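**Q** Please read through the structure below; I'll follow up with questions.
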Ligand code: GLN
């Protein structure tokens, strides 16, 4: 078990170990790794030297000397932001807002992680910089689109990473790589300086090795303080429409969580939420309509034809179609509102809703399986995304193939405190 970030920070601010030593060790690991987690390695050594000087004169930032990675759709001054695409180049002249916040607490930003092109995908195979391998089994995908971030944390190539999640892009790779990934309440972490996929659903969030680290990263990047609360006796909701989708493996996730919450005096509540079945259609129509608009300013017509990958082109076309058919987007908006209302009604009856984070473990890099599984792999994460609700993936069980599957815990808006409490209970009980 790797030490918690708070313990590492303590060693650094007390002078037991220097930020430079930690950073050089991480840079060596990144160099010798064949997982392809990073698109760009940053000026980490210089940052570490700076932090060491600051620590020597009393600096005690909460992330002092802690190596952190960011997904390559977030800007870092002096380096390129590629979004996993060949179409973007040149270097940025300003850090994005989350980088500013991480730096203010002394984090060392070691690198920019690989991702599906423009955050479109669930397997990291659409990156123009090559696929990322899952550190738990290199024949498997790490998930996506924040696959580089999740794999880097799982492989110890950084202590924490930021990803972005629109329909599942933090929670699903966290589930596949056996780490903790939070999609916070929509709007709760400032997204300025990140490339938008679909701004109604995009949200930056932390990926970490454990729940405490996740909470710390959330506090630093959101600027909010999360109180430690108890989740004893809370009401835990289970969605009937999700139950129909369970396999032997994912049923194990739910059963194990039920046992843990049950032993903690929690009541179980069955929920009927018929509209969640339409979530992926809504996501496809509204998400791609916004993606189409967001990508309009990028590249010339010729460059777009030459440099964008097939998945991105496909989505631009779907988005174009949706935008030209107001009756379709209008219908999708109505269903979106219905999904929101169903969650509102559900949270009258319960405090958290649980489900598997993904319908399977990390799948193999085999074209046929990939196509089917990519489409299906966000089935549990899209509904809360459409409602803008916070949700975490925390490792829960090992499936029959020996690989992890996470438990998704969803709560009301801004109730990250309850999410962390429940996730911590799962973490210490499995
Ligand atoms: N996998 C989903 C998609 O392909 C989600 C992507 C995301 O959340 N950025 O759209």
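The values are calculated or read from the model by the stated rules, or taken from the named source; none is laboratory data. None of the values given here were measured: they were computed from a predicted structure. Positions of Cβ are generated from backbone atoms using ideal geometry, with glycine treated the same way; all protein chains shown enter the neighbour counts.
**Q** For the stretch 293-337, name all the residues that are outside any helix (DSSP H, G or I) and touching a helix residue (DSSP H, G or I) at 6+ places or on another chain (Cβ under 7 Å).
**A** Selection gives 299, 309.
**Q** Pairs needed: first member in the stretch 364-382, part of a helix (DSSP H, G or I); second member anywhere, within 12 Å of the ligand (Cβ to nearest atom) and at pLDDT below 75; C-beta distance under 6 Å; at least 6 residues apart or different chains.
**A** none
**Q** So is residue 192 in contact (Cβ under 8 Å) with a residue 60 or more places away in the chain, more than 16 Å from the ligand (Cβ to nearest atom), under 19 Å from residue 414 (Cβ atoms) and surrounded by fewer than 21 Cβ atoms within 10 Å (Cβ to Cβ) or not?
**A** no
**Q** Tell me whether the stretch 230-249 contains one or more residues that are within 30 Å of residue 157 (Cα to Cα) and surrounded by fewer than 23 Cβ atoms within 10 Å (Cβ to Cβ).
**A** yes
**Q** Report yes if residue 107 is more than 13 Å from the ligand (Cβ to nearest atom) and either over 13 Å from residue 38 (Cα atoms) or within 14 Å of the chain's Cα centre (by Cα) (or both), otherwise no.
**A** Against the criterion (more than 13 Å from the ligand (Cβ to nearest atom) and either over 13 Å from residue 38 (Cα atoms) or within 14 Å of the chain's Cα centre (by Cα) (or both)), residue 107 qualifies.
**Q** Let me ask something else about it. So, of the residues in the stretch 359-382 that are out of contact with any strand residue (DSSP E or B) (no Cβ under 8 Å at 6 or more places or on another chain) and modelled with pLDDT of 95 or more, which turns out to be nearest to residue 125 (Cα to Cα)?
**A** Among residues in the stretch 359-382 that are out of contact with any strand residue (DSSP E or B) (no Cβ under 8 Å at 6 or more places or on another chain) and modelled with pLDDT of 95 or more, the one nearest to residue 125 (Cα to Cα) is 378.
**Q** Which numbered condition trips up residue 139, out of (1) buried (at least 24 other Cβ atoms within 10 Å of the Cβ); (2) farther than 30 Å from residue 9 by Cβ; (3) in contact with a strand residue (DSSP E or B) (Cβ under 7 Å, 6 or more places away or on another chain)?
**A** It fails just one condition, (1).
**Q** Of the residues 410, 419, 354, which single one is in contact with a helix residue (DSSP H, G or I) (Cβ under 6 Å, 6 or more places away or on another chain), at pLDDT 95 or above and more than 16 Å from the ligand (Cβ to nearest atom)?
**A** Just one listed residue meets the conditions, 354.
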